[in-house]
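**Q** Questions regarding the structure given below will be posed in turn.
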Amino acid sequence: MAALQTTPPSVSVAIAALVGLAIVGGLLGATGSAVVRRLGNPVGKYRLLYAAVLFPYTLLAYAVFALTGFGAAVLTPLPAAPGIVTGVLADFVTFLAAGCVWIVSYLPTVRGIRDVRDVDLATSTSIWKMTRYVIGVSALLTVVLAPLQVLTIESSPLVLAVGIAALLVGMLYAAPWVIAVLRSTSKPTGDTADRVARLCDRAGLTVRDVRLLDTENEERAETLVRGPPTYRRLFVTSTFLDAFDDETAAALLAIEAGKLRTHVFEIRVGTVLVAGISLTASVSGIGPRWPLLGLALGSIVVGFWLARRQIRAADEYAAEQVGRVTVADALSEYADAHTLEPTRRRIPNPLSVKVALGDRIDRLRTAPDS
């Protein structure tokens with residue numbers, strides 16, 4: 001996957017490329033952070049900076065490393081090894097290099113997000129946790145993609161795309177165990193376990209087990225449910241249990257339950273896979289180009305619309321469980337806990353998979369009880 005050319009660059013050229021891309025990433029992070037801190041709703045804008053600027057730049061850096069054979073170049077001084085071993089190691093090095101670009105890009109934003117959220121989060125702690133995450137993800141992606149090394153160069157790009165899609169879906173369903181490896185987690189006990197069980201029961205959320213995510217001083221009050229239908233695992237941050245009372249916590253968990261029932265996550269993943277495979281088939285000349293491009297764009301628009309529709313349906317489910325006002329208040333408290341300003345849109349963004357938080361709150365407060 002990483003060594004896509006037969007003559008990789010020299011080690012010095014590869015290192016120079018890494019340093020250059022990292023410097024540009026650091027400048028992007030510093031400039032973006034300086035701009036975001038002066039805007040309204042800076043916490044929300046930081047999330048947009050990560051998702052719309054820094055992450056795509058990291059993907060671009062990975063593409064550059066992969067296309068130029070960065071991993072193979074770095075491994076050149078090492079003793080010769082079987083081709084499959086060299087390929088896997090090259091992939092790991094390439095993923096690590098892209099991860100380094102991400103860390104350097106992320107570093108200048110730590111102070112800014114700490115100031116706008118007014119949290120006591122040491123830069124060293126944040127970078128260490130991000131570094132651990134990058135190493136873990138790099139190792140995981142290398143293991144997951146290793147089977148693709150057996151595919152020959154002449155293999156169809158469409159077959160390769162389908163293979164990657166299948167592996168990614170498998171990895172997503174393995175998330176309950178993957179997250180536990182990449183993050184510091186613990187099993188709730190005693191009163192905490194009893195409280196979580198009561199909250200899940202009130203929210204109508206059925207899971208196989210629960211893990212607490214240690215957020216230390218990050219103060220991220222989040223919940224996440226991942227896993228196949230037969231094994232759902234709930235992840236709850238320690239801040240979530242400290243920041244919210246039972247009524248608010250139950251309402252937010254009810255929204256998670258609603259998302260499971262309306263298959264929001266599966267719709268998002270399916271949309272990306274259909275669009276990605278269609279786009280790959282189009283650019284590789286497999287099938288009619290323009291109809292496939294239209295299918296890729298159409299699947300994104302329709303899939304994202306359906307995802308937004310199902311999020312609203314999840315809110316309705318939560319309202320049935322705990323009451324409309326309670327859910328609206330819970331979303332408002334969630335925004336306050338993260339220093340977020342609930343945004344509103346007159347016209348929905350067709351390329352957004354989320355519903356503006358302010359619109360969700362307004363809808364819950366104004367819609368009549370059924």
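The values are calculated or read from the model by the stated rules, or taken from the named source; none is laboratory data. Keep in mind it's a predicted model, so treat the numbers as computed, not measured. Don't worry about glycine lacking a Cβ; one is built from the backbone with ideal geometry, like all the others, and counts go over all protein chains shown. Note: accessible area is taken over every heavy atom of the protein model, side chains too, but ligands, DNA and RNA are not part of it. Shrake-Rupley method; radii C 1.70, N 1.55, O 1.52, S 1.80 Å.
**Q** Tell me whether region 186-200 contains one or more residues that are free of Cβ contacts under 8 Å to residues at least 60 places away in the same chain and closer than 30 Å to T142 by Cβ. Give the steps one after another, and end with the answer.
**A** Here is the first cut: in region 186-200, the ones free of Cβ contacts under 8 Å to residues at least 60 places away in the same chain are 186-200.
Narrowing further to those that are closer than 30 Å to T142 by Cβ: 186-187.
Looking through region 186-200, at least one residue is free of Cβ contacts under 8 Å to residues at least 60 places away in the same chain and closer than 30 Å to T142 by Cβ.
**Q** Another one. Open to solvent by less than 10 Å² (accessible area, probe 1.4 Å), within 22 Å of D329 (Cα to Cα) and of a type in the set (A, V, I, L, M): which single residue out of A307, A314 fits that description?
**A** That would be A314, the only listed residue that is open to solvent by less than 10 Å² (accessible area, probe 1.4 Å), within 22 Å of D329 (Cα to Cα) and of a type in the set (A, V, I, L, M).
**Q** What number of residues in region 327-370 are within 21 Å of E247 (Cβ to Cβ), assigned to a loop (DSSP other than H, G, I, E, B) and open to solvent by less than 40 Å² (accessible area, probe 1.4 Å)?
**A** 4
**Q** Would you point out which residue out of L141, L121 is at pLDDT below 85, buried (at least 17 other Cβ atoms within 10 Å of the Cβ), aliphatic (A, V, I, L, M) and within 17 Å of the chain's Cα centre (by Cα)? Before you say what the answer is, go through the steps one by one.
**A** Numbers: L121 fails: within 17 Å of the chain's Cα centre (by Cα).
After applying the criteria, what remains is L141.
**Q** Further, regarding this structure: Which number in (1) open to solvent by 30 Å² or more (accessible area, probe 1.4 Å); (2) in contact (Cβ under 8 Å) with a residue 12 or more places away in the chain; (3) under 20 Å from the mean Cα position of the chain (by Cα) marks the one condition that E266 misses?
**A** Unmet for E266, out of (1) open to solvent by 30 Å² or more (accessible area, probe 1.4 Å); (2) in contact (Cβ under 8 Å) with a residue 12 or more places away in the chain; (3) under 20 Å from the mean Cα position of the chain (by Cα): (2).
**Q** So V104 clears everything in (1) of a type in the set (A, V, I, L, M); (2) at pLDDT below 85; (3) closer than 23 Å to P56 by Cβ except one condition, right? Which one?
**A** (2)
**Q** Taking R202, is it open to solvent by 50 Å² or more (accessible area, probe 1.4 Å) and either of a type in the set (K, R) or modelled with pLDDT of 90 or more (or both)?
**A** Here the answer is yes, as R202 does meet what is asked.
**Q** State which residue pairs qualify: first residue outside any helix (DSSP H, G or I) and inside region 304-324, second residue open to solvent by less than 20 Å² (accessible area, probe 1.4 Å) in any location, beta carbons under 9 Å apart, and separation of 6 or more residues or different chains.
**A** Once the first residue is outside any helix (DSSP H, G or I) and sits in region 304-324, its partners that are open to solvent by less than 20 Å² (accessible area, probe 1.4 Å) give G323/A251.
**Q** Scan region 231-253 for residues that are open to solvent by less than 10 Å² (accessible area, probe 1.4 Å) and either under 29 Å from G170 (Cβ atoms) or of a type in the set (D, E, K, R) (or both) and jot them down.
**A** The answer is L234, F235, V236, T237, F240, L253.
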